[in-house]
Amino acid sequence: MTTETRKAYLLGAERAVHLLATEEVASRWERESVPPGMTVGGLAGHLARSVLQVEWFLDGEIVGAEPVSPVRYYARLVGTSLPDSALNIGVRARSEETAAAGPAVVAEQARAAWERLAQRLSQEPADRRVAVLHRPGEEMLLDGYLQTRCVELAVHLDDLALSVDAHCPTPEATLVVAVDVLVAAARDRHGDEAVLHALARRERDADQALRVL
């Protein structure tokens with residue numbers, strides 16, 4: 001599982017690095033993106049952070065906390081669909097902070113981080129933990145965290161490609177991990193019956209049970 005997860009992550013990260021370096025992204029940096037309230041640059045910054053943050057988290061201080069699973073990482077989130085929620089305000093602020101360096105710098109930072117991670121991840125043990133820096137004191141297993149990055153890469157590769165009219169499909173291996181995590185998070189949040197209704201009886205899907213982000 002460790003090898004497959006890390007390969008899926010690196011494939012998705014490589015595709016993100018490619019898209020971030022395109023002229024389509026650079027030329028539309030200040031324009032509005034498909035997700036409301038974000039510029040193309042902000043969205044690109046958010047996508048880049050799914051590469052950059054892995055290094056930051058690997059270098060964070062481990063304190064021995066019980067690791068959070070990738071499913072709970074998403075299932076517990078609140079306000080994901082509300083543009084002005086504290087969650088989304090924070091996401092946009094961090095994304096714009098990264099984007100402030102400009103398209104060339106963001107693309108180069110992401111490329112360099114991906115190249116380092118391609119070497120580093122192969123050397124990290126299966127029980128390696130990382131610090132979740134935006135939640136002080138919280139930790140995840142590295143492979144669990146990489147599964148959450150597969151979600152972010154899959155979702156925002158699609159968002160950014162659509163925002164700049166580029167053809168940049170997410171690698172199948174990355175998509176598989178992303179869908180597995182999100183469906184499991186939906187089951188954790190709403191229960192299996194609600195998820196069954198969302199999949200097979202949409203007229204009974206009062207809670208939009210498959211909507212995790």
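All conditions in (1) loosely packed, with under 12 Cβ neighbours inside 10 Å; (2) within 18 Å of the chain's Cα centre (by Cα) hold for Glu61, with the sole exception of (2).
Report yes if Val40 is in contact (Cβ under 8 Å) with a residue 24 or more places away in the chain and in contact with a Ser or Thr (Cβ under 6 Å, 6 or more places away or on another chain), otherwise no. Taking the combined requirement at face value, the residue satisfies it.
Only one entry of Ala75, Ala101, Ala44, Ala93 meets the criterion of being open to solvent by less than 30 Å² (accessible area, probe 1.4 Å) and closer than 23 Å to Leu162 by Cα, and that entry is Ala44. Considering every residue within segment 149-158, establish whether at least one is open to solvent by less than 70 Å² (accessible area, probe 1.4 Å), of a type in the set (Lys, Arg) and either touching a helix residue (DSSP H, G or I) at 6+ places or on another chain (Cβ under 7 Å) or within 30 Å of Glu30 (Cα to Cα) (or both). Taking every residue of segment 149-158 in turn, at least one turns out to be open to solvent by less than 70 Å² (accessible area, probe 1.4 Å), of a type in the set (Lys, Arg) and either touching a helix residue (DSSP H, G or I) at 6+ places or on another chain (Cβ under 7 Å) or within 30 Å of Glu30 (Cα to Cα) (or both).
Residue-wise test of (1) farther than 18 Å from Val71 by Cβ; (2) within 14 Å of the chain's Cα centre (by Cα).
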site: Val105; (1), (2): yes, no
site: Ala126; (1), (2): yes, no
site: Glu138; (1), (2): no, no
site: Thr148; (1), (2): no, yes
site: Val151; (1), (2): no, yes
site: Ala154; (1), (2): no, yes
site: Leu160; (1), (2): yes, yes
site: Ala166; (1), (2): yes, no
site: Glu172; (1), (2): yes, no
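Residues in segment 106-135 that are more than 23 Å from Lys7 (Cβ to Cβ) and surrounded by fewer than 13 Cβ atoms within 10 Å (Cβ to Cβ): 2 in all.
Of all residues in segment 57-102, those that are under 21 Å from Arg187 (Cα atoms), of a type outside the set (A, V, I, L, M, F, W, C) and in contact with a strand residue (DSSP E or B) (Cβ under 9 Å, 6 or more places away or on another chain) total 4. Just so you know, in segment 186-213 the residues that are farther than 27 Å from Val17 by Cα and open to solvent by less than 30 Å² (accessible area, probe 1.4 Å) include one that is nearest to the chain's Cα centre (by Cα), and it is Ala186.
Does Arg28 satisfy the condition of being charged (D, E, K, R) and either open to solvent by less than 20 Å² (accessible area, probe 1.4 Å) or closer than 23 Å to Asp188 by Cα (or both)? It is false that Arg28 is charged (D, E, K, R) and either open to solvent by less than 20 Å² (accessible area, probe 1.4 Å) or closer than 23 Å to Asp188 by Cα (or both).
The values are calculated or read from the model by the stated rules, or taken from the named source; none is laboratory data. Please read these numbers as outputs of a predicted model, since none were measured by experiment. Backbone-built Cβ (ideal geometry, glycine too); neighbour counts: all protein chains shown. Side chains are part of the model used for accessible areas, which takes the heavy atoms of the whole protein and leaves out ligands, DNA and RNA. Shrake-Rupley method; radii C 1.70, N 1.55, O 1.52, S 1.80 Å.
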